[in-house]
Amino acid sequence: MKKKSLEMALQQIPLYPEPKPHLEQYNTPAYIAADVLFFAHSLDDIEEKKVVDLGCGTGIFAIGAKLLGANKVIGIDVDERAIEIAQRASKKLHTNVDFQVREINDFNEECDTVLQNPPFGAQKRHADRPFIRKALVLSRVVYSLHLSRTQKFIEREVDKFQAQVTHEKRYEFEIPYTFEFHTKEKKRFEVTMFRIERIGDKL
């Protein structure tokens, strides 16, 4: 599958119908998801691997991983409505993804690769911290999207797990007017995808 074909497939996945501000449910643009997925695929982190998407939302990373040949994919999210949408989208795109409604801290299956777009921490400071920590317990390889300005924080968290950032890719993340407290029609954020690899034993 070519990257453009993957992007077109991911564009068919519905957005959050009623995003919840406290969960910071912002949709990952299809072109960014496709680029991250293809990059992970190029480093042999997806095909025939067990992949987990923490905070999967409507399933864009999870479904994309399956389309790129992952052996098993699990999507975890606390929002039951989002999981229902993800399940329908997975069926429409003829992928077999195990979507589960649960808190990430209640999930303990180890895997080869974690893909995630956690909360940026705009509403709750360091809301992405539990996602980083859980991801590095579950897997030696993690792809995670964060606000670029939080890079030092990410590096400190990664260091606690005897891990290192091996690759970075920057994107402009555009978020349309979504919640009542938004004051602009659209807002752009500089976002970095960190590929993190654990080089020591997990804590």
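Laid out as a table, the results:
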item	result
Kyte-Doolittle at least -0.5, axis length at least 30 Å by Cα - qualifying DSSP helices, the chain	none
Region 38-99, relative contact order [Cα under 8 Å, separation at least 6], %	33 percent
Beta bridges per DSSP with both ends in the chain, % antiparallel, nearest 5	55 percent
Mean separation of Cα contacts under 8 Å, 6 or more apart, over the residue count of region 14-161: relative contact order %	22 percent
Nearest-0.05 FRET efficiency for residue 174 and residue 109, computed from C-beta distance (R0 35 Å)	0.55
Cβ-based net charge around residue 74, under 15 Å, with every Lys or Arg adding one and every Asp or Glu removing one	-2
Listed candidates (i) 15.6, 46; (ii) 22.5, 74; (iii) 16.2, 51 - label of the one calculated as Rg and Dmax of the Cα atoms in Å	(i)
Where labels lie 7 Å past Cα in the beta-carbon direction, separation of residue 137 and residue 47 in nm	3.3 nm
Net charge contributed by nearby residues that have their C-beta within less than 12 Å of residue 42 (K/R +1, D/E -1)	-1
Label point distance in nm, residue 98-residue 187, each placed 7 Å from Cα along Cα→Cβ	3.7 nm
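Read-outs: derived from the displayed coordinates by stated rules, not from any lab. Here the structure is a predicted model, which means the values were calculated and not measured. Positions of Cβ are backbone-derived with ideal geometry, glycine not excepted, and every protein chain shown enters the neighbour counts.
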